[in-house]
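The values are calculated or read from the model by the stated rules, or taken from the named source; none is laboratory data. This is a predicted model, so every value here is computed, not measured. Because the Cβ atoms are built from the backbone with ideal geometry, glycine has one as well, and the counts that use them run over all protein chains shown. Heavy atoms of the whole protein, side chains included, go into the accessibility calculation; ligands, DNA and RNA do not. Shrake-Rupley method; radii C 1.70, N 1.55, O 1.52, S 1.80 Å.
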Amino acid sequence: MTSRTPCPCGLPEPYEECCGRFHGGVAAAPTAEWLMRSRYAAFVRLDAAYLLRTWHPRARPARLDLDPGTRWTGLEILATEAGSAFHSTGTVTFRASFRGGSLHERSRFERVDGAWVYVDGDFLD
C-alpha cells in the first residue's frame with residue numbers, strides 16, 4: 001500500500017510516487033530540478049547511498065556522514081537555469097530549511113552518461 005505522506009521535496013505526491021522512485025532506482029531524475037528535489041529528500045531520509053550515486057564522479061567524496069540530528073523542514077526552489085531534457089548542464093538555486101537555520105545555494109548539475117548528477121554549488125547569503 002502506498003503512503004499518502006507528501007514527499008519531503010515539497011511536491012504533493014506521496015514519497016513513493018515522487019522522489020522514492022529515483023531513490024529506489026526505478027527511474028532517473030529527468031531534470032536538474034528533479035535531481036535537486038530528490039537529493040534534498042535523500043538528505044531528509046538519510047539516504048547517503050543515493051547522494052553519493054548522484055554526485056559527479058570528479059567531485060564525489062569518498063564517503064558521506066549524515067547527521068541524524070538535523071531536522072530538515074522544507075525546500076524552496078528559487079530559480080532554475082537550463083537543466084531540462086534538452087540541456088547538458090543546469091543550475092538550481094534553492095533554500096533548504098532546517099530546524100535552527102537554512103542553507104541557500106546555487107547548485108551546478110551536469111549529465112554524465114545521460115543521467116543528471118550534482119557537481120558542486122556556491123553558498124549564497
(message) Please give me, ordered by residue number, the trypsin sites (Lys or Arg not before Pro) of the range 6-90 that lie in loop per DSSP and have at most 14 other Cβ atoms within 10 Å.
(response) 58, 63, 71
(message) Run the numbers for residue 17 and residue 5: contour at 0.36 nm per residue of separation, minus the present Cα-Cα distance, in nm.
(response) 3.3 nm
(request) Leaving ligands, DNA and RNA out of it, report the carbon-plus-sulfur percent of the accessible area of the chain at a 1.4 Å probe. (result) 52
(message) Tell me the per residue accessible area of the range 5-45 using a 1.4 Å probe; a whole number in Å² is fine.
(response) 42
(message) So if I take the centroid of the Cα atoms in the range 1-65 and the same for the range 73-89, what is the distance between those two points in Å?
(response) 14
(request) Assuming R0 = 30 Å, can you tell me the calculated FRET efficiency for the pair residue 86 and residue 60, based on Cβ-Cβ distance, to the nearest 0.05? (result) 0.70
(message) Using the Kirkwood formula on the Cα atoms of the range 49-94, what hydrodynamic radius do you get, in angstrom to one decimal?
(response) 13.3
(message) What are the equivalent ellipsoid semi-axes of the chain, built from the alpha-carbon gyration tensor (square roots of five times its eigenvalues), in whole angstrom, biggest first?
(response) 20, 18, 15
(message) Treating the range 26-77 as a set of equal point scatterers at the Cα positions, no solvent, please give the Debye-formula log₁₀ I(q)/I(0) at q = 0.15, 0.20 Å⁻¹.
(response) -0.44, -0.77
(request) Would you kindly derive the ³J(HN,Hα) couplings of the range 108-125 from the backbone phi angles with the Karplus curve 6.51 cos²θ - 1.76 cosθ + 1.60 (θ = phi - 60°), listing them in order in whole Hz, with x for Gly and Pro? (result) 9, 10, 9, 8, 10, 6, x, 9, 5, 9, 7, 9, 5, x, 10, 6, 10, 6
